[in-house]
1. Say whether the condition of being over 20 Å from Ser54 (Cβ atoms) and assigned to a helix (DSSP H, G or I) is met by at least one residue in the stretch 153-162.
2. Which members of the stretch 114-138 meet the condition of being in a helix (DSSP H, G or I), buried (at least 19 other Cβ atoms within 10 Å of the Cβ) and in contact with a strand residue (DSSP E or B) (Cβ under 7 Å, 6 or more places away or on another chain)?
3. For the structure I just gave you, tell me whether Ile174 is in contact (Cβ under 8 Å) with a residue 12 or more places away in the chain, open to solvent by less than 30 Å² (accessible area, probe 1.4 Å), in a helix (DSSP H, G or I) and farther than 26 Å from Ala109 by Cβ.
4. If you check Val273, Val240, which single one turns out to be without any contact (Cβ under 8 Å) to a residue 40 or more places away in the chain, of a type outside the set (S, T, N, Q) and either open to solvent by less than 60 Å² (accessible area, probe 1.4 Å) or at positive phi (or both)?
5. Take Gly247 and decide whether it is open to solvent by less than 30 Å² (accessible area, probe 1.4 Å), farther than 30 Å from Arg20 by Cβ and part of a loop (DSSP other than H, G, I, E, B).
6. Residue by residue through the stretch 75-113, note down the ones that are over 13 Å from Ala33 (Cα atoms) and assigned to a helix (DSSP H, G or I).
7. Can you find even one residue in the stretch 200-215 that is within 18 Å of Glu124 (Cβ to Cβ), part of a helix (DSSP H, G or I) and touching a residue at least 40 places away in the same chain (Cβ under 8 Å)?
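The values are calculated or read from the model by the stated rules, or taken from the named source; none is laboratory data. Small disclaimer: the values here were computed from a predicted structure and weren't measured. So basically every Cβ, Gly included, is an ideal-geometry build from the backbone, and we count neighbours across all protein chains shown. SASA here: full protein model, heavy atoms, side chains in, ligands and nucleic acids out. Shrake-Rupley method; radii C 1.70, N 1.55, O 1.52, S 1.80 Å.
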Amino acid sequence: MVEYGGAAKPTPAMTPNRIRARKGGEPIVCLTAYDFPTARRLDPLVDLLLVGDSMANVVYGFDTTHGVTLDMMIAHGGAVARAAAHACVVVDLPFGWYQESREQAMRSAVRVIRETGCAAVKLEGGREMAETIAFLVERGIPVMGHVGLKPQMIRSMGGFRTQGKTPGEAEAVIEDTRAVDAAGAFAIVIEGTVEEVAAEATRVAAAPTIGIGASASCDGQVLVTPDMAGLTVGHVPRFVKRYAELGEALERAAADYAEEVRQRRFPGDGQVVRLAKP
């Protein structure tokens, strides 16, 4: 294992196959990343870096994830992949770039992997996307699935609400999990789902599950890094635990900088170059 703050110990790079092999074992640690410096900091500490279309909300300020394009995902995915030496990098396929057909999904996935250097793609959907997932996997594209609450389908799902509260919803999540698992996904994100339902979905899946707002029984967990680190402005989902308040630290640093600039104390002797005295 690589330890934070110390010398990096030799650690094999995580791959989709290594992630899949973690089913039922040590929990998989996953965080999102959207840029090179953040990914470089997180890489030794996590098993998987997800370049999520959540960047629509936390980077670009959109209300939904529908605002990001394939080109945007590729630009951010490439930055993260260049930073990662250990973590398995997975890039989301954005809304509208894979739902039309298996062939559209294949073209999008190939572009993402070729142009970013990432290890795999992720797409949302259960039984309705199983055929597409199988089509990609059979052609050498590692795919991570995503069931439960599906942000790309938020309009048809009636908003951001927890899935699995009724028997019908619970059965749908379980059947979606089974379908994505049978299609060959190497891992499955379960989002915004009742704890007991997520636990059962984890039990029936051969692939590891990664929970977000789901269950500690999942084979791993993922959080959106700006939410986790206290950088998010505005609403933070209930399921998030904030492990730091970096937003407040950034504000303090910026305030100190602004004060020194206005008082002409920055730049100081350590930040300027003067001509040598004769």
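1. no
2. Passing the criteria: Thr116, Ile133, Leu136.
3. yes
4. Val240
5. On the way: open to solvent by less than 30 Å² (accessible area, probe 1.4 Å): yes; farther than 30 Å from Arg20 by Cβ: yes; part of a loop (DSSP other than H, G, I, E, B): no.
No, not satisfied.
6. Step one: list which residues in the stretch 75-113 are over 13 Å from Ala33 (Cα atoms), which gives 85-86, 93-113.
Passing the criteria: Arg102, Glu103, Gln104, Ala105, Met106, Arg107, Ser108, Ala109, Val110, Arg111, Val112, Ile113.
7. yes
Residues checked against (1) within 15 Å of the chain's Cα centre (by Cα); (2) more than 20 Å from Pro142 (Cα to Cα); (3) exposed (fewer than 15 other Cβ atoms within 10 Å of the Cβ); (4) not hydrophobic (A, V, I, L, M, F, W, C):
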site: Pro12; (1), (2), (3), (4): no, no, yes, yes
site: Arg22; (1), (2), (3), (4): no, no, no, yes
site: Leu31; (1), (2), (3), (4): yes, no, no, no
site: Leu48; (1), (2), (3), (4): yes, no, no, no
site: Ile74; (1), (2), (3), (4): yes, no, no, no
site: Val80; (1), (2), (3), (4): yes, no, no, no
site: Pro94; (1), (2), (3), (4): yes, no, no, yes
site: Ala105; (1), (2), (3), (4): no, no, no, no
site: Ser108; (1), (2), (3), (4): no, no, no, yes
